[in-house]
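The structure under discussion appears below in the form of structure tokens.
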Ligand SMILES: [Zn+2]
């Protein structure tokens with residue numbers, strides 16, 4: 001049985017009918033001309049490569065110090081975990097929770113969740129769990145503010161440089177490249193293609 005996909009444009013609400021594309025082509029809305037989906041044969045392999053890159057960078061970001069401050073012969077290293085714990089100890093509970101969610105839990109969930117979804121498509125596993133995870137990822141994505149923290153960190157590095165000797169740690173660069181790799185992953189993934197590929201996976205129901 002051939003399924004005819006109809007879907008609403010997220011910009012203007014126009015109902016469009018799916019048409020198969022050649023590699024490199026993109027389908028546009030018949031009313032507002034915004035891009036609906038793209039056909040890129042390299043998308044799955046490139047996404048998997050970006051996910052594994054992101055996971056390595058995530059481990060480095062969490063394992064090593066972001067920055068170290070040297071003042072009056074004392075060196076103080078700051079890691080993401082130390083920063084989160086410091087806010088908690090100073091009774092800034094919500095700030096601590098937000099930091100942990102945005103810097104540790106959301107990025108890890110996004111990388112591992114997408115890995116599960118792509119492996120489900122690649123190996124034609126049963127699709128129920130991957131569909132649930134992909135739906136959760138869509139709901140969590142707007143709450144992830146990794147880029148905002150990156151800007152805050154850059155401002156802090158410039159400001160702190162005025163009052164103490166500041167050493168940028170390896171986790172700082174890993175974090176910058178983690179943000180870039182997640183941004184590249186988001187730009188590379190075509191959500192409609194993912195949903196369509198998941199529909200083609202077997203179902204236990
Ligand atoms: Zn439209």
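Every number here is computed from the coordinates shown, using simple stated rules; none is lab data. This is a predicted model, so every value here is computed, not measured. Ideal geometry is used to build each Cβ from the backbone, glycine not excepted, and the neighbour counts take in all protein chains shown.
Taking R0 as 22 Å, what's the FRET efficiency between residue 105 and residue 10 from their Cβ-Cβ distance, rounded to 0.05?
Step by step, r from the Cβ atoms, then E = 0.25.
Over the Cα atoms of the chain, each weighted equally, I'd like the Debye log10 I(q)/I(0) at q = 0.10, 0.13, 0.16 Å⁻¹, rounded to two decimals.
Log10 I(q)/I(0), no solvent term: -0.56, -0.83, -1.08.
Quick check: the distance between the Cα centres of segment 72-130 and segment 134-202, to the nearest angstrom?
11 Å
For a quick size check, give me the Cα extents of segment 107-179 along its three principal axes, largest first, whole Å.
Taking max minus min along each principal axis of the Cα atoms, segment 107-179 gives 56, 22, 10 Å.
Please arrange 146, 137 by counting, for each residue, the other beta carbons lying within 10 Å of its beta carbon, fewest first.
Taking fewest neighbouring Cβ atoms as first place, the list is 146, 137.
How big is the convex hull of the Cα atoms of segment 5-71, per residue, in Å³?
Spelled out: Cα convex hull of segment 5-71, divided by residues, is 167 Å³.
Rounding to the nearest 10 and keeping the result within 0 to 90°, find how far the Cα-based axis of helix 43-63 lies from the longest principal axis of the chain.
Between the helix axis and the principal axis of the chain, the angle is about 20 degrees.
Cut-off is 10 Å between beta-carbons; in what order do 196, 127, 6 appear when sorted fewest neighbours first?
Ascending number of Cβ neighbours within 10 Å: 6, 196, 127.
Compute the angle between helix 128-140 and the longest alpha-carbon principal axis of the chain, please, reported from 0 to 90 degrees and rounded to the nearest 10.
For helix 128-140, the angle is close to 50 degrees.
If you fit an axis through the alpha-carbon atoms of helix 146-160 and take the longest principal axis of the Cα set of the chain, what angle between them do you get, 0 to 90°, nearest 10?
It is inclined by approximately 20 degrees.
Treat each spin label as a single point 7 Å out from the Cα along the C-beta direction, and report the residue 155 to residue 199 distance in nm.
Distance between label points: 4.4 nm.
For the residue pair residue 91 and residue 140, what label-to-label distance in nm results when each label sits 7 Å from Cα along the Cα-to-beta-carbon direction?
Placing both labels 7 Å beyond Cα along the Cβ direction yields 3.2 nm.
Taking 0.36 nm per residue of sequence separation and subtracting the Cα-Cα distance, how much length would be gained by fully extending the chain between residue 42 and residue 176, in nm to one decimal?
Fully extending the segment from residue 42 to residue 176 adds 45.8 nm.
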